[in-house]
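In what follows, a single structure is set out as structure tokens and then discussed.
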Amino acid sequence: MVKITLDGVLSDVEDGIRLRDLAPPDALAAVVNGQPVDLATVIEEYADIHWLTFADEVGREIFWHSTSHLLAHAVKRLFPRAKLGIGPAIDDGFYYDFDVDKPFTDKDLKAIEKEMRRLASRGLPIRRRIFTKGKLEYYYRFWGEDLKLEIIEEIEDAEISVYEQDDFLDVCRGPHLDDTSKIGSFKLLSVAGAYWRGDESRRMLQRIYGISFPTAEELKDYLKRLEQAKASDHRILNRKLDLFDTYEEVGPGLILWKPKGTILRKVITDFWTAEHLKRGYQIVTSPHIARAELWKISGHYDYYKENMYLTSIEDKEYAIKPMNCPAHMMLYRSRKHSYRELPIRYAELGTVYRNERSGVVQGLLRVRGFTIDDAHIFCTPEQAPSEVADVLDLCLFTIDAFGYSDIKVELSLWDPDKGDKYAGTPEKWEHAQEVLEQVLVEKKTPYKRIPGEAAFYGPKIDIKLLDALGRSWQASTIQFDFNLPERFGLFYVGEDGSEHEVRVIHRAVLGSLERFIGGLIEHYKGDFPLWLAPYQVAVLTVTDAAADYGAEVAADLIDSGLRVVTDFSADKIGAKIRKHENQKVPYMIILGTKEAGQGTLTLRRHRKGDLGSFTLAEALRRFKQEIKQRR
RNA sequence: GCCGGAGUAGCUCAGUCGGCUAGAGCAGCUGUUUUGUAAACAGCAGGUCGUGGGUUCGAGUCCCUCCUCCGGCUCCA
């Protein structure tokens, strides 16, 4: 007999029993003494067992990984000459990379899916086996699987586990499902080129992406969610909202903001400016181009030249600015500073241009010209903790104002083993990292430490927003910069009368305004809260007889600071309502002869419908209240 | 930059195997209608089929070049 703990309950089982014999029907695999294992595992000694189902992250990963093997199995049957790359589970499903002569077509995907279905329905047992490295090398060499050979060359162990189902075999750590029939429902979603090992200099493989679930219903739900996500794409919503546009003649990644988009930008930047002034920032403005010399001082000319647009003026080389930092450094350097003046906080909504590679530009999220809400804080090392705390506070306040309730915080640290790759002394790094981490702890902000992720110039905190559909968006960043003060020679005169290097904290709250607005459109699905909506109120008349009254009401609303659009056209009221519902205007004011006679107005809320009769004062009170609440 | 897919009216789309003058809905314009909470009616106008080249008696349709967009890879000092 062997003792086990099953879901916390201690009991005895027979020797040699397999997990499978104890497992409930929905168990995909198990965690035994902390290790995920197959259900075929034999219990030989004390085992603390927890079942893994599709509800567990690890369980899903195993499920998807097994589906990727099923995919590879099917591909090998239909395309015997295809060579196998890697096939992991990812956040949302799985992929498998293949080296094939001809890229897969949609028809191929259909055929592969059909073959997968056939293999799954056969209920093939999935078996773990141990091969010696030599035997596995021989096997893969025989089949010409050079990518697999490359992978196993890198495995140190003498014995390697493989998983086998029918005539298909794949080197794999596991664990896996024990039977292909458990893979209830799946779909191959797309095929794309992918470099072998993500290395551009190596051959391009064909990557097939897919998703799978235990039941057909779950798959259907997932596909429905995908559809919904597609419908909330900012590029699709923009067709109705009419905020921005791009033109082939203007160039890729260059956004033209239309009137309504420009209002939205202004609302956001007005909010931003007011908040920064309140918090002791000084707003500055820097030119769009600058001599190459400036970028040589900052180092961008050496490190970042490929992404910079260069031009020449009167035989002098100039660059269109890809960053705002150097200009702020120049402003600080323009005269000597006393410790008494610090901290100095320069903030700018600076538009920068970066030559992003042609294949990556996308909507508002990846563009070549964008405005960043940059600021640089110049302070003493002693002031750094409270400055970082204030910045974090500003970020969290702003994120909340824009309706995001979920965030993900990452703390990127250096890799002390690669000391020479970094600017700044180890003392500066240690101090800065401690400051950042201490602030996160004090503010009780959950965060993830990522050693080795810091840029060469300093450690940082990144804040990512999770939107209504659970997708994450890079927004705020708080970074120390040890490089620029050194390169520009930035000092302050201390209490002791001597010069000390100033500390620079570089931070952005919204990040790229373009990307932020793209995210905001998707987060709100185009239904902006009243304070953000480009047009807040539409004044609609039922008949021409109400036009004069409508003009009066509209003028009063505009006087009260509201953003108003009017429609006094000859359309029927239903058509006008439909038009403005489609444009997602938060409020409509409907005016007919009745309202004109009584001096009242009828309110309608977007998506809610008729709210009844109000006086202008009542309506204004309601608007003001809602704007104040920013909801 | 690389792999794959796509580009027909302002927008959404149809256009068969290469064969009559390239169609529809919405939007626009004109007229009629004066209307009460998600689409009044009629008429008109709108296209070098992304660009340039090629094949062909004949190209929106087939081939090549370039441009742009979409999905990925990669990049994000």
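The values are calculated or read from the model by the stated rules, or taken from the named source; none is laboratory data. Owing to the predicted nature of the structure, the values given are computational and were not obtained by experimental measurement. As a convention, Cβ positions derive from the backbone with ideal geometry for all residues, glycine included, and neighbour counts pool all protein chains shown. The accessibility values were calculated without ligands, DNA or RNA, using every heavy atom of the protein model including side chains. Shrake-Rupley method; radii C 1.70, N 1.55, O 1.52, S 1.80 Å.
Computed quantities for the displayed model
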| read-out | value |
| --- | --- |
| Matching residues in segment A:190-203 - criterion: being touching a residue at least 40 places away in the same chain (Cβ under 8 Å) and either more than 8 Å from RNA strand B (Cβ to nearest atom) or among the β-branched types (Val, Ile, Thr) (or both) | A:VAL191, A:TRP196, A:ARG203 |
| Hits in segment A:143-168 (condition: touching a residue at least 40 places away in the same chain (Cβ under 8 Å) and open to solvent by less than 60 Å² (accessible area, probe 1.4 Å)) | A:GLY144, A:GLU145, A:ASP146, A:LEU147, A:LYS148, A:ILE151, A:TYR163, A:GLN165, A:PHE168 |
| Criterion (away from RNA strand B (no atom under 16 Å from the Cβ) and open to solvent by less than 10 Å² (accessible area, probe 1.4 Å)) met by exactly one of A:LEU490, A:LEU466, A:LEU436 | A:LEU436 |
| All positions within segment A:20-42 that are open to solvent by 50 Å² or more (accessible area, probe 1.4 Å) and within 36 Å of the chain's Cα centre (by Cα) | A:ASP26, A:ASN33, A:GLY34, A:GLN35, A:PRO36 |
| Strands (runs of 3 or more DSSP E) contained in segment A:124-237 and holding at least 2 residues in contact with a strand residue (DSSP E or B) (Cβ under 6 Å, 6 or more places away or on another chain), farther than 23 Å from A:TRP51 by Cα and of a type in the set (Gly, Ala, Ser) | A:185-195 |
| Subset of segment A:586-595 that is open to solvent by less than 40 Å² (accessible area, probe 1.4 Å) and touching a helix residue (DSSP H, G or I) at 6+ places or on another chain (Cβ under 6 Å) - its residue that is farthest from A:PRO534 (Cα to Cα) | A:GLY592 |
| Filter pass, A:GLN206 being out of contact with any Phe, Trp or Tyr (no Cβ under 6 Å at 6 or more places or on another chain) and either open to solvent by 50 Å² or more (accessible area, probe 1.4 Å) or within 12 Å of RNA strand B (Cβ to nearest atom) (or both) | no |
| Some residue of segment A:417-435 being among the aromatic types (Phe, Trp, Tyr), within 23 Å of the chain's Cα centre (by Cα) and on the phi < 0 side of the Ramachandran plot | no |
| Qualifying positions in segment A:120-134 - hydrophobic (A, V, I, L, M, F, W, C) and open to solvent by 70 Å² or more (accessible area, probe 1.4 Å) | A:ILE130 |
| Residue check, A:PHE104 open to solvent by less than 30 Å² (accessible area, probe 1.4 Å) and not in a helix (DSSP H, G or I) | yes |
| Lone unmet requirement of (1) within 28 Å of A:ARG265 (Cβ to Cβ); (2) open to solvent by 40 Å² or more (accessible area, probe 1.4 Å); (3) more than 8 Å from RNA strand B (Cβ to nearest atom); (4) not β-branched (Val, Ile, Thr) for A:LYS576 | (2) |
